[in-house]
Each structure stands twice: as C-alpha cells, then as structure tokens.
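The values are calculated or read from the model by the stated rules, or taken from the named source; none is laboratory data. The model shown is predicted, which means the values in this text are computed figures rather than measured ones. Using ideal geometry, Cβ is built from the backbone for each residue, glycine included, and neighbour counts are taken over all protein chains shown.
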Amino acid sequence: MDLRRIRYFVVLADTLHFGRAALRLNMAQPPLSQQIRVLEDELGAQLFERGNRRVDLTPAGKALLPEARALLAQAERVATVAARAQRGELGELRVGLTGSAAFTALIPRLILKYRERFPGVHLRIEELTTQEQLTALLEQRLDVAIVRSASALDLPPTLRAMRLFEDSLVVALPPQHRLSDAAKPLAIGTLADEAFVMYPRESGTGVYDQIVALCRQAGFAPRIGQEARVAATIVGLVAAGLGVALVPESMRAVNANGVVYRPLKDKGARSAMWLVLRTHQPSPQESAFAAMAKTEAAQAREHAASDIRQEP
C-alpha cells in the first residue's frame, strides 16, 4: 500500500473538497481524483460519496480514517528513528577501559558528556586489561577501547589509535615507608631494594615492560613481590605493606589507608592513555565518541599548557 495515497486520503477527508485538498497537497485535482480511485480499488471499498458540490466519507472511509492517521504517524516515527540512528543518537556503544582510566579527569568527563549528548544510546562499559580490549576489538565484541601504554601501540592494520593525554608515573608507598616523607622527587634507584607490586606481564598494558626498563636504566632489576591486574588493587596491596608500586599520577585519587604518593624525577617515567578503534567504516556512534574524545583531549592539553604558563 502506497503511503502517498493514504496521505491523499487523509487530506481529502479533512477538507472534504477535491480542490482544497489538491491545493494543500500542491498537486492538480485530476491526479488526486485518480489516486483516490486507485486506493479505493486496492482496498475494494468506496471511501467517498462524490456529489456536485460536496464530498462525504462513506462508512468505510470513516472506519479507515483513524487507522490511516495512525499509519502515517507510525511512518513518521520510523523515519525519525532511522534519522536519529544515522546521526548516532540511538543504538549501542560498547566501550572498554583499563582500571586506571576511571581515576583520570578526562575519561569520566568524556563518558558523562557522551551520555548527556546521546541519552538514546545504550553505553555498555567493560573494565578489561589492554590485551583483553585489543582482542575484543578484533573479535568485534567492543567498539572502542581506552588503554594505557607508555609509547605508541603496535597494532594490526585493522586497528588505529589516538593519544588522549599523558601523565607522570608516581611511586605509591606504604604509609610508614622510610621514603614516604621525602621532600623532593625520588629517583627510581632509591627503590632498588624494594619489593614491587605490579601488573602481570601478560596483561599487555605495556606498563610492566616500562617499569622493568626504568629500573634497569637505574641499575637494578625490580624484585616483584606481588602481582595484580587492577590498578586500585595494586594500590590496596601497597597499603597492606606488600611492596611499592609505580602507578599513573591519576591514581592519587585512590587514598587507601594513607598510601603516600611521591613524584619521580627519572626521564621516561610517563604514561599515555589511548583511544583505539577499528579502521573499518565507523558506526555513527563510534564516530561521535571519537570526535568527543578528540575535543576533550585537546581542551585538556590547552588547560595543562595554560597552567604551566601561569606557574611562577
């Protein structure tokens, strides 16, 4: 059934005049009369009583009118839904992130703004290690991933990465540690005799290799006392006295039983957060999220640069 003819029928039912209906529809009267007759033939029912001066709805026409209005309204809703989906305003977005991402300023702000801008999109967030996220992207179980790595990621051609921001690594120390009240930034070499709480190497974060490399540059191999896959758990184990840890500065937000954070003076003691996407044609939801992430990252860099300029 042609929706145009249904619309012609509704307009004629509203006006009960072929001339006025044709004018409202911006068409000539003869084609309108022809289309109404085609509709009547399709339905097998006469919809209008036609007189010299007047047009009236038949009982069949009166019965059809509310259904016709509902059909047109539903068609309009379908078009609206399709348009919103095309703009990325509906559907689902599956986001992976590392445990430390939730403690940064940028990532929670990005997710909140995306929710506010696209309330019709179901945002499914999973906390996974970097390697788990990359695997999930390749297997199309995630749409975007937020991972941490000290350097540019070595990705297959089907994935691409955009750096969001960079922050320093700091030392997390138990409350009563001998270095907990150090007034100046610490050298990694001062930790040579300490047990380290670290991510397991197989988590694929890149942080493990970075910490080992920094320690070796300082002349020692780190002694691993405990491993944990979640950043907040690492800080909790430090609080329990099981060792020290090198963690992103954003982890200062985790104040577990008085854990003390001290800055490092070693070059290379920095870590970056990356947004990883597939290189295929992105969905509207993926494109919108990436665009918002790019904007938020640029604004964060501008604010950081402004703060540096204002320092005495």
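Quick notes on this structure:
- One residue stands out in region 78-94 among those that are basic (Lys, Arg) and over 13 Å from the mean Cα position of the chain (by Cα): the one that is surrounded by the most Cβ atoms within 10 Å (Cβ to Cβ), namely ARG84.
- Residues located in region 200-216, provided they are touching a residue at least 60 places away in the same chain (Cβ under 8 Å) and surrounded by 13 or more Cβ atoms within 10 Å (Cβ to Cβ): SER203, GLY204, THR205, GLY206, VAL207, GLN210
- As a summary of the residue check, GLY241 satisfies the conditions (1) more than 18 Å from LYS265 (Cα to Cα); (2) over 24 Å from the mean Cα position of the chain (by Cα); (3) assigned to a helix (DSSP H, G or I); (4) touching a residue at least 40 places away in the same chain (Cβ under 8 Å) except for the one numbered (3).
- Single unsatisfied condition, GLU227 versus (1) charged (D, E, K, R); (2) modelled with pLDDT under 90; (3) closer than 21 Å to PRO200 by Cα: (2)
Rundown of residues vs (1) exposed (fewer than 14 other Cβ atoms within 10 Å of the Cβ); (2) farther than 30 Å from ALA291 by Cα; (3) not assigned by TED's automatic domain parsing to the domain that holds LEU169, yes/no style:
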site: VAL10; (1), (2), (3): no, yes, yes
site: ALA60; (1), (2), (3): no, yes, yes
site: ALA68; (1), (2), (3): no, yes, yes
site: GLU76; (1), (2), (3): yes, no, yes
site: GLY96; (1), (2), (3): no, no, no
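- Applying the criterion of at least 2 residues that are farther than 30 Å from ALA245 by Cβ and in contact (Cβ under 8 Å) with a residue 40 or more places away in the chain to the strands (runs of 3 or more DSSP E) found wholly in region 22-130 leaves 55-57, 91-97.
- Considering residues of region 135-148 that are in contact with a helix residue (DSSP H, G or I) (Cβ under 7 Å, 6 or more places away or on another chain) and not in a loop (DSSP other than H, G, I, E, B) only, the residue surrounded by the fewest Cβ atoms within 10 Å (Cβ to Cβ): VAL144
- Within region 100-124, restricting attention to residues that are surrounded by 21 or more Cβ atoms within 10 Å (Cβ to Cβ) and small (Gly, Ala, Ser), the residue that is farthest from VAL144 (Cα to Cα) is SER100.
- GLU249 falls short of the stated requirement of being in the same structural domain as GLU166 (by TED's automatic domain parsing), more than 30 Å from HIS177 (Cα to Cα) and not polar (S, T, N, Q).
- ARG4 vs. criteria over 29 Å from the mean Cα position of the chain (by Cα), on the phi < 0 side of the Ramachandran plot and of a type in the set (Lys, Arg): yes
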